Structures are given as structure tokens and as C-alpha cells.
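A.B. asks: Take a look at this one; I'll ask things after.
The values are calculated or read from the model by the stated rules, or taken from the named source; none is laboratory data. Keep in mind it's a predicted model, so treat the numbers as computed, not measured. Neighbour counts are summed over all protein chains in view; Cβ atoms, including those assigned to glycine, are modelled from backbone coordinates with ideal geometry.
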Amino acid sequence: MDRRDQLRWVLIFDFWKNQTMRHCAICGKQPSVGNNVSHANNKTKRRWEPNLQEVRAQVGGNVKRIRVCTRCIRSGRVKKSA
């Protein structure tokens, strides 16, 4: 594997790392995909993003900022810090 292949894999990894950025740190909820359907039955792709909020929470005894979906906040799965 030469230097060019290594760089290519790094770019691919960075791309996928950024794509999975919009996911819940607790339950792993992530965007889902589907179609917008017009009255004329034209279909175009769209994404449904989860409702994520950035929360200061206790993770392993330390306070950390994490992105959490509102369902996890409401159900009490996140220990928020003051």
C-alpha cells in the first residue's frame, strides 16, 4: 500500500466519520432516508434528521458535551450536569 492509497483511505474514513456525526450518543438514533412525494407523484430523496440537542452530561464521572436525542433526555437516560 503506497502513500496515495493511504491518503485515499484517510479521506474515505474522514468522509464517513462526518456523515455519522448526526447520531445520538446514547441510543444511536441516526438520520433515516425516504422520498418526498408530490401531488403529481414525483419522488425526490430526503432525510429525516433526529431531534438532537447538545447537552452537558456526566459521562464516566466527567462532565462532557454530547449530542443526545430528545427521547433520551425525556426518558431520563442522560444524567445532566448543572
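A.B. asks: Of all residues in segment 58-78 being β-branched (Val, Ile, Thr) and under 19 Å from the mean Cα position of the chain (by Cα), which is modelled with the lowest pLDDT?
C.D. replies: Looking only at segment 58-78, we keep the residues that are β-branched (Val, Ile, Thr), and these are 59, 63, 66, 68, 70, 73, 78.
The next check asks that each one be under 19 Å from the mean Cα position of the chain (by Cα); those that pass are 59, 66, 68, 70, 73, 78.
Working: Val59: 87, Ile66: 94, Val68: 95, Thr70: 96, Ile73: 94, Val78: 92.
Filtering segment 58-78 for residues that are β-branched (Val, Ile, Thr) and under 19 Å from the mean Cα position of the chain (by Cα), the one modelled with the lowest pLDDT comes out as Val59.
A.B. asks: Would you be able to say whether some residue in segment 39-49 is in a strand (DSSP E or B), under 15 Å from Met21 (Cβ atoms) and of a type outside the set (Ser, Thr, Tyr)?
C.D. replies: We begin by selecting, within segment 39-49, every residue in a strand (DSSP E or B); these are 43-48.
When the remaining residues are screened for being under 15 Å from Met21 (Cβ atoms), the result is 47.
Subsequent filtering for residues that are of a type outside the set (Ser, Thr, Tyr) retains 47.
For segment 39-49, residues in a strand (DSSP E or B), under 15 Å from Met21 (Cβ atoms) and of a type outside the set (Ser, Thr, Tyr): present.
A.B. asks: Which one is modelled with the lowest pLDDT among residues in segment 10-47 that are β-branched (Val, Ile, Thr) and surrounded by 10 or more Cβ atoms within 10 Å (Cβ to Cβ)? Before the answer, list the steps.
C.D. replies: Of segment 10-47, the ones β-branched (Val, Ile, Thr) are 10, 12, 20, 26, 33, 37, 44.
Among the residues that remain, those that are also surrounded by 10 or more Cβ atoms within 10 Å (Cβ to Cβ) are: 10, 12, 20, 26, 37.
Values: Val10: 67, Ile12: 63, Thr20: 53, Ile26: 93, Val37: 97.
Only one residue fits best here, namely Thr20.
A.B. asks: Residues Arg74, Arg67: which one is closer than 14 Å to Cys27 by Cα, touching a strand residue (DSSP E or B) at 6+ places or on another chain (Cβ under 7 Å) and outside any loop (DSSP other than H, G, I, E, B)?
C.D. replies: Values: Arg74 fails: touching a strand residue (DSSP E or B) at 6+ places or on another chain (Cβ under 7 Å).
So the residue among Arg74, Arg67 that is closer than 14 Å to Cys27 by Cα, touching a strand residue (DSSP E or B) at 6+ places or on another chain (Cβ under 7 Å) and outside any loop (DSSP other than H, G, I, E, B) is Arg67.
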